[in-house]
Amino acid sequence: MNYPHIPGPIGVFDSGYGGLTILSKIRETLPQYDYIYLGDNARTPYGTRSFEIVYEFTLQAVNRLFLMGCHLVILACNTASAKALRSIQINDLPQMDPQRRVLGVIRPTAECIGTLTRSRHVGILATAGTIRSESYPLEIHKLFPDITVTGQACPMWVPLVENNEAQSDGADYFVKKYIDSLLEKDPLTDTVVLGCTHYPILAPKIERYMPPHIATVAQGGLVADSLKNYLARHPEMDAKCTKGGHCLYFTTEAEEKFSESASTFLNEPIRVERIEL
């Protein structure tokens, strides 16, 4: 594939809108860079799909962002990070362009866990796909083998957020249900990771039902700090990232639908363009 070799923006990909919570924190931390956000909203959610399909869709998105000039792509999606990242890094990048990089959101989150938990019991709230992949226990145990990791799938949380029901009374039932279920599995849990980029939108309700002694970890700030650190350690990649402070938005769904829902995640009006993968 003939990709552009001049410097370009940093690509941020998500299956839907959740990655906007990551993008928002990245832009807060690194406002000088240019970004392209690509949401595969037409095919969301990824959380219930097979490994093969998530890998295929994610690879298509990465390829498109490379063609749009990105040398560095962040998978701002836990499901894509869990089901597709490693295969793309190992099997595809060497053929596509060994100088380009694709990074995920699970590793930066895992790296911080050791300093956050005192009881060494950590809970993960995530989509069914991310929980089934065992990606969080695997990454955490590589770094902190002594930590007990308990996962709880929250299949209703993404639909609540995507349908603008996150603040509704009906959301309370499902927020409490999954938190209670996680803590029943391991009452010693003192740190809970929100392992899906949509979940910070539910933060007010999560705080209401999470016991006060348990720390809740959102990923945006962790991923932003990790990216800042990565670019500082890799000046050759930093030089390939343009710095004009601009951000372009693309979706595989209708522009109006994306713009309307994106306002839930971003406090600014945006212009978005529809593309096909």
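Some observations on this one:
- Contact order relative to length of the chain, as percent, for alpha carbon pairs under 8 angstrom and 6 or more apart: 28
- Kirkwood Rh, Cα atoms: Rg over Rh of the chain: 0.95
- Here the stretch 11-165 has 53 percent of its accessible surface on carbon and sulfur atoms, given a 1.4 Å probe and all protein chains in place.
- Cross-link partners for Lys240 among the aspartates and glutamates, with Cα-Cα distance under 12 Å and sequence neighbours closer than 8 places in the same chain left out: Asp34.
- For the stretch 84-170, taking the reciprocal of the average inverse distance between every pair of different Cα atoms yields a Kirkwood hydrodynamic radius of 15.2 Å.
- Using the rule -39500 (n - 2.57) for each DSSP H run of four or more residues, divided by the residues of the chain, the 222 nm mean residue ellipticity is -12500 deg cm²/dmol.
- Applying a threshold of 26 Å to the alpha-carbon distances of Lys142/Lys228; Lys25/Lys177; Lys83/Lys243; Lys177/Lys257; Lys25/Lys257 flags Lys25/Lys177; Lys83/Lys243; Lys177/Lys257 as lying beyond it.
- Within the straight-line cut-off of under 15 Å between alpha carbons, the aspartates and glutamates reachable from Lys205 are Glu165, Asp169, Asp172, Asp180, sequence neighbours fewer than 8 places apart in one chain being disregarded.
- Under a Gaussian network description of the chain, with springs only between Cα atoms under 10 Å, the residue in Tyr35, Tyr209, Tyr173 that fluctuates furthest is Tyr173.
- Rounded FRET efficiency, nearest 0.05, which uses the C-beta distance separating Leu188 from Glu273 and R0 of 30 Å: 0.05
- Candidates Gly11, Gly221, Gly19, ranked by Gaussian network fluctuation over the chain, Cα under 10 Å, top entry: Gly221
The values are calculated or read from the model by the stated rules, or taken from the named source; none is laboratory data. The model shown is predicted, which means the values in this text are computed figures rather than measured ones. Methodologically, a virtual Cβ is constructed for each residue, glycine included, from the backbone with ideal geometry; neighbour enumeration extends over all protein chains shown. Each accessible area value is taken on the protein alone, full model and side chains, heavy atoms only, with ligands, DNA and RNA left out. Shrake-Rupley method; radii C 1.70, N 1.55, O 1.52, S 1.80 Å.
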